[in-house]
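Novice: Quick one: the structure is below, questions incoming.
The values are calculated or read from the model by the stated rules, or taken from the named source; none is laboratory data. For clarity, every value in this text was computed on a predicted model and none was experimentally measured. Every residue, glycine as well, gets a Cβ built from its backbone with ideal geometry; the counts of neighbours run over all protein chains shown. When the accessible area is computed, the model is the full protein with side chains, heavy atoms only, and any ligands, DNA or RNA have been set aside. Shrake-Rupley method; radii C 1.70, N 1.55, O 1.52, S 1.80 Å.
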Amino acid sequence: MSHGLVRVLLLAAAVLTGSATALLAAEVKEPPARDWPHEGIFGRYDRAALQRGFLVFKEVCASCHSARYLRFRDLEGIGLDADTVKALAAEYTVEDCCDENGEPFERPAKPFDRFPPPYPNEQAARAANGGALPPDLSLIVKARDGGEDYLHALLTGYGDPPAEAEAPAEGMNWNPYFPGGWIAMPPPLMEDLVEYPDGTPATVEQMASDVTQFLAWLSDPTMEERKRTGIKYMLFVLVLTGLFYAYKRKIWAKIH
């Protein structure tokens, strides 16, 4: 459901109930527009940012959120070499099937394996998060209205609620960029939460920017290839158009 539709429904609820809290919740704040290096026809992913973003995802986000479409070998797309990917995969265990008795067993993950989810099933995820289900992040940038701008604003937008706003349940957190204003996820980022190998200061702003770019890549890992193909196609069409035009001029040159 888009933010616009959510806002309309909340406004309707406020009108019907006369609730000040509902009116406050209806005012979903628009995320600020940001410039991302992968935007535009010539845009490319920033590999350094993607690697930092994966670190944030691995050490922070992956404790609650899954990424079911991510395989370890896919990380070569963010600039990690095959040996690094193999070593990274070996840090995790996955369940495989089956041993000589037909029983499932655990083994170290390999590059072709999917990134392990934090919970074995939806029920376990809800039980660990007070009934809320942390969404899978594989396509989160494409699945949310506002894309990268929304996700970055959400990660950096936590704050104190307006005096008139009342939390619908205990443990909820105020974030004006989230539809309804109240979100079950607590602020996930804090200063120096991770240590970047390249020495980049791990500010909340930096981590939010990096992990957003990583999740944008995860949502669309073939974007650069599509853009290259599109540019080649356009150049081909341009050259072909020029040849046809020159041929037409030659054919009709003697006709007055």
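Novice: Tell me the GluC sites (Glu not before Pro) within segment 189-243 that lie in a loop according to DSSP and have at most 12 other beta-carbon atoms within 10 Å. Please report the intermediate quantities before stating the final value.
Specialist: On the way: sites: Glu191, Glu195, Glu205, Glu224, Glu225; in loops: Glu191, Glu195.
When the GluC sites (Glu not before Pro) of segment 189-243 are filtered for loop state and at most 12 Cβ neighbours within 10 Å, Glu191, Glu195 remain.
Novice: Projecting each Cα onto the charge dipole of segment 170-256 (Lys/Arg +1, Asp/Glu -1 at the beta carbon, about the Cα centre), which of Phe236, Gly180, Val211 comes out farthest on the positive side?
Specialist: Toward the positive end, the furthest listed residue is Phe236.
Novice: Taking Rh as the Kirkwood radius, which is the inverse of the mean 1/r over Cα pairs, what is the Rg/Rh value for the chain? The partial results should precede the final answer.
Specialist: Details: Rg = 24.2 Å, Rh = 21.6 Å.
Rg/Rh for the chain comes to 1.12.
Novice: Under 29 Å from the Cα of Lys250, which lysines turn up, not counting those fewer than eight places away in the same chain?
Specialist: Candidates past the 8-residue exclusion: Lys232.
Novice: Another question about this same structure. Between segment 57-78 and segment 83-102, what is the C-alpha centre distance in whole Å?
Specialist: 16 Å
Novice: Where in the chain is the longest stretch that carries no trypsin sites (Lys or Arg not before Pro) classed as loop by DSSP and with at most 14 other Cβ atoms within 10 Å?
Specialist: It runs 69-253.
Novice: For a quick check of your reading of the filter: which GluC sites (Glu not before Pro) in segment 67-145 sit in a DSSP loop and have no more than 14 other Cβ atoms within 10 Å?
Specialist: The qualifying sites are Glu91, Glu100.
Novice: In nanometres, what is the gap between the two model label sites at Val239 and Ile41, each 7 Å from Cα along Cα-to-Cβ?
Specialist: Distance between label points: 1.7 nm.
Novice: Now for a separate question. Roughly how many Å² is the accessible area per residue of the chain, as a whole number, for a 1.4 Å probe?
Specialist: Ligands and nucleic acids excluded, the result is 61 Å² per residue.
Novice: Chymotrypsin sites (Phe, Trp or Tyr not before Pro), restricted to segment 98-195: which are DSSP loop and have at most 14 other Cβ atoms within 10 Å?
Specialist: Loop-located and lightly packed - Phe112.
Novice: Determine the gain in length on full extension of the stretch Glu103-Ala87; use 0.36 nm per residue of separation and subtract their C-alpha separation, reporting nm with one decimal. Don't jump to the answer; show the numbers that get you there.
Specialist: On the way: separation 16, 0.36 × 16 = 5.76 nm, distance 2.66 nm.
Length gained, Glu103 through Ala87: 3.1 nm.
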